[in-house]
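Visitor: Would you mind keeping the following structure in view while I ask a few things?
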Amino acid sequence: MKGIVNFAFEDHLVRVIEREGEPWFVATDVCRVLGIANSRDALSKLDEDEKGVGLTDTLGGQQQVSVITESGLYALAFASRKPEAKRFRKWVTSDVLPTIRKTGGFAHLDSGSAAVQAQLDMLDRALSACREIRLTWGCKAARRFWINSGLLELYNPESDLENLVDATLYLFLREKCEVTGSRDDFTRSRDLLDALLFYLDSRDLPRMGLREASIALRALSVAYRDLSTGAQFWHHKRSNTGYCGVKLLP
């Protein structure tokens with residue numbers, strides 16, 4: 001098997017990455033299944049050879065994610081008190097691992113599968129909630145919510161921004177847009193989405209569905225800050241839904 005493979009455990013998406021012929025599980029997916037809120041703390045308790053970093057395509061582009069080995073997964077599962085933990089362990093041992101060992105690969109989840117659609121719905125709701133929290137309680141509260149939600153997969157605010165500028169959406173903003181931070185600069189959502197999808201096609205990059213691209217742009221508008229000017233852009237509803245503080249370059 002190569003790259004990343006998606007499995008559905010009940011209503012959860014669980015991604016598996018191959019490293020040197022062995023399966024490594026995306027840590028945030030495992031922690032979400034097991035009800036572990038602080039994945040960083042959980043990973044700190046694993047042995048060094050049970051954890052690492054892998055690359056995966058997220059809605060925000062290719063990014064680094066924490067991954068754990070099979071033994072690391074079991075360590076977290078046995079420590080969890082959630083009733084799902086036992087079912088999860090059984091699912092891994094009776095379904096996922098036999099598939100790897102017997103076939104040498106997996107069948108990818110269809111992009112329209114229930115698990116993927118559930119993930120998109122969750123991200124959509126989380127983005128709306130994060131915006132309301134920021135407006136009501138301020139940026140610090142919104143940042144805490146972001147870190148403790150699935151939005152961390154789109155953007156990790158505790159990561160070095162310099163390591164994120166090569167992600168697909170950051171490249172699109174840098175090459176095709178100007179982030180001014182001015183309320184006078186308004187771009188319709190559809191125009192920005194069309195430009196993004198054309199950008200992906202023209203550079204033979206992994207294509208997003210319209211809804212995936214829309215959620216990714218909304219997430220980026222919450223998290224993005226220009227490294228040189230500090231300018232930001234934001235989602236705004238006028239007679240036409242769009243974004244303030246950003247304009248497309250000719």
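Visitor: Across region 24-35, which residue is nearest to the chain's Cα centre (by Cα) among those that are among the hydrophobic types (A, V, I, L, M, F, W, C) and either surrounded by fewer than 20 Cβ atoms within 10 Å (Cβ to Cβ) or in a strand (DSSP E or B) (or both)?
Guide: In the first step, residues of region 24-35 are kept if they are among the hydrophobic types (A, V, I, L, M, F, W, C); the result is 24-27, 30-31, 33-34.
Next, from what is left, pick out any that are either surrounded by fewer than 20 Cβ atoms within 10 Å (Cβ to Cβ) or in a strand (DSSP E or B) (or both): 24-26.
Values: TRP24: 17, PHE25: 15, VAL26: 11 Å.
Taking the candidates together, the pick is VAL26.
Visitor: Taking the residues in region 177-198 that are among the hydroxyl-bearing types (Ser, Thr, Tyr) and farther than 20 Å from LEU227 by Cβ as candidates, determine which candidate is nearest to the chain's Cα centre (by Cα).
Guide: Within region 177-198, the first condition is being among the hydroxyl-bearing types (Ser, Thr, Tyr), and the residues that meet it are 180, 182, 187, 189.
Of the ones still in play, those that are also farther than 20 Å from LEU227 by Cβ are 187, 189.
Values: THR187: 25, SER189: 21 Å.
Here the residue is SER189.
Visitor: Just one of ARG143, ARG211, ARG131, ARG190 is of a type in the set (Lys, Arg), assigned to a helix (DSSP H, G or I) and at pLDDT 80 or above; which is it?
Guide: Only one candidate passes the filter, namely ARG190.
Visitor: Another one. Out of all the residues in region 229-244, which are more than 20 Å from GLY138 (Cα to Cα) and modelled with pLDDT of 80 or more?
Guide: Filtering region 229-244 down to residues more than 20 Å from GLY138 (Cα to Cα) leaves 229, 237-243.
Hits for region 229-244 are THR229, THR241, GLY242, TYR243.
Visitor: Something else about it: Which one is modelled with the lowest pLDDT, of the residues in region 214-228 that are crowded, with 17+ Cβ neighbours inside 10 Å and of a type in the set (A, V, I, L, M)?
Guide: ALA223
Visitor: Does GLY21 fit the bill of being at pLDDT below 80, of a type outside the set (Val, Ile, Thr) and exposed (fewer than 13 other Cβ atoms within 10 Å of the Cβ)?
Guide: Working: at pLDDT below 80: yes; of a type outside the set (Val, Ile, Thr): yes; exposed (fewer than 13 other Cβ atoms within 10 Å of the Cβ): yes.
Against the criterion (at pLDDT below 80, of a type outside the set (Val, Ile, Thr) and exposed (fewer than 13 other Cβ atoms within 10 Å of the Cβ)), GLY21 qualifies.
Visitor: Return the pair list, or none, for Cβ contacts closer than 7 Å from residues in region 134-146 that are surrounded by 10 or more Cβ atoms within 10 Å (Cβ to Cβ) to residues that are in a helix (DSSP H, G or I) and basic (Lys, Arg), at least 6 apart or on different chains.
Guide: These pairs meet every condition: ALA142/ARG134.
The values are calculated or read from the model by the stated rules, or taken from the named source; none is laboratory data. Given the structure is predicted, the values throughout are model-derived calculations rather than measurements. Cβ coordinates were reconstructed from backbone atoms using ideal geometry, including for glycine residues, and neighbour counts include every protein chain displayed.
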